[in-house]
1. Taking 2.2 N^0.38 Å as the expected size of a compact globular protein, what ratio does the Cα radius of gyration of segment 29-76 give against it, to two decimals?
2. Could you tell me the convex hull volume per residue, in Å³, taken over the Cα atoms of segment 327-413?
3. How many nm is it between the label spots at residue 309 and residue 169, if each spot is 7 Å from the Cα in line with the beta carbon?
4. Give me the number: length gained by fully extending residue 43 to residue 142, i.e. 0.36 nm times residue separation minus the C-alpha to C-alpha distance, one decimal in nm.
5. Ignoring ligands, DNA and RNA, how do 538, 94 rank by accessible area with a 1.4 Å probe, largest first?
6. Between residue 203 and residue 64, what length comes free when the chain is fully extended (0.36 nm per residue of separation minus the Cα-Cα distance, one decimal in nm)?
7. Between residue 421 and residue 455, what is the label-point separation in nm under the 7 Å Cα-to-beta-carbon projection?
8. Quick one: Karplus J couplings for segment 256-271, per residue in order, coefficients 6.51, -1.76, 1.60, θ = phi - 60°, nearest Hz, x for Gly and Pro?
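The values are calculated or read from the model by the stated rules, or taken from the named source; none is laboratory data. What you are looking at is a predicted structure, and each value in this text was computed from that prediction instead of being measured. All Cβ positions, even for glycine, are placed from backbone atoms using ideal geometry, and neighbour counts span all protein chains on display. Heavy atoms of the whole protein, side chains included, go into the accessibility calculation; ligands, DNA and RNA do not. Shrake-Rupley method; radii C 1.70, N 1.55, O 1.52, S 1.80 Å.
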Amino acid sequence: MIARNRARMFAGGVVGCLGLLAGPARADFNETKADYSLQFSQHQMFWTAAQGTPGQYPKTSPLNSGRWTTVAANDLAGWTQGFFPGLLWQMYDKTRDPAWRTRAEAWTTPLAVQQNNTTTHDMGFKFFTSYGQGYRLTGNATYSGVLVTAARSLATRYNPTVGIIDCCDWNSQWDVPMVTDTMMNLELLFWAARNGGDANMNDKALSHARKTMNDMVRPDGSTWHVVDYSRTGAIRSKGTFQGCSRCADQSKATWARGHAWAMYGFTMAYRYTTDPQMLATAQKVTDFYLNNLPADFIPNWDFHPQAPQQKDSSAAAIAASAMMELSAYVRDPVISQRYRNAALATLDALSAPGYLVMGTSNSPGVIKGGVGFFERGEDVNASLIYTDYYFTEALQRYKMRAPGGWVASISFGPSVQSLGTANTGVRVVEFDVTPLTEPVDAVIGYTDTSTNATTYNELPLSIRLNRNGTFDVRRGAVYEALARVEYDPYKSYHIRMRADLNARNYSVWITPPGGAPILVADRYAFRTGAPAIDDLGKVVLKSGIFDNEIRVLNHTVRPEAAAAQAPAAQPAAKARTPRPERPASRPPPSDKK
Ligand code: GLY
């Protein structure tokens, strides 16, 4: 089945990718299959937690061993401890069941012992998967504090002369080494720079990503695994460590998991920075991956033509998650569809009996057939906790985007959607917004066709889901609301906005689930200092803390005459059920948005 569909996607061209670009949307992977695999992941994680001990972290399950090897919380060199708590947070995200939150908290907390660890670059792997996901889903201020401390520890490894995060102290043959894996650890720095850490963490991370782009990515889009620099910044050597080191011509070696880290890492770097070079590099390394992938969508552990044959499902899972995200940033619909199709084909392959553990293998993991370190014979053909993490993440990413619509982005670039040039005069906008997480600090803002939309100040109209758990609306110099309307994750709120572009004011009604429309803004003036606009040309869905905080579905813009009359406003006091205030640990909303 996989081979047939691959053939169909590649059909019709001498060069494979031409056929792929022309191919139909992949239909084989669907929500039913995603639910099936997610349910199995939930089952395996339940038993792993039930049989394990918080502080001892599952890492590898050799084929048919029926058990996980573990790594201790205080193992400073280990890089995998964050993935199991991260999986537990994914289960809390999926179910919203407090029992999963309790499990996730129990496995997250012991890792605090490593927040001051400056001896490794792997702080992002350890902390963004565990504390990062925990903070995304709970807003627990203790978690954000640990994340910022961990980011400061990682930043100490930045070498300003070379402009990179030094990966490795343990190999005396290297002076200032860089590996592709470190692209993944940059997220901790990018995030902390925007959430209470030092602003220069962003520049350090970006400098590292640019050095990786320039010195590790080859002209054909393949990647070196290691570049070693002298203390003055000259390149001493390029090669591979975990890839095919026995292969004769090292310039042909591309370690598949290291390459998947690059695909994911450059995509993530674009998410935070909207630097076009990051997007172009993400596409370049992804194109190499796809153009050299075998028909079953699971790569060999190294792309070198002489590398021994051993499939690596871990690289496939990471690549699937990366391509699911990348497809959302690429504006060309044909290329975007190419990446999405490949992600779905990979998930289809991983969900089939050849790789899904269910009923086929005695493993506590979700996916089998991963390769830890081939040349050392370590963890070959095994279940690996990081395969399970990225496979489950890719499934969740698929589910999140399956209904269509738009999701908010942490950066302005990917957050802008075009509404066309026809929306002048008095317009009625309607849509359904769903918070996908908490805390949420998201804005749905509008500007005109000719405005660039790179800052909040360029959005004359803004509806906000603020950190206090309520909606408000920009009015001149501040945010306000005529009525308190609270929001909860995974519930949908219908928004109706009447925008008068001539009078420069707008009104907003919010309909909570099962409720009546509530007037929250009555002819509010546009944002003070925003550019004058003459059409509603763009909508911006901007997250303030994490990517994907909200989803907007069913967005329409119509002339007032064509829209139904706005429903009468309900008195706020009758329109909502009183409930306790949000916890005091939540920061108040800020007017910076
Ligand atoms: N250090 C990350 C990996 O082995 O992929």
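1. 1.43
2. For segment 327-413, the hull spanned by Cα atoms encloses 142 Å³ per residue.
3. Inter-label distance under the simple model: 4.4 nm.
4. Extra length available between residue 43 and residue 142 comes to 32.7 nm.
5. 94, 538
6. 45.5 nm
7. 2.7 nm
8. 4, 6, x, 5, 5, 4, 5, 4, 5, x, 5, 5, 4, 4, 5, 4
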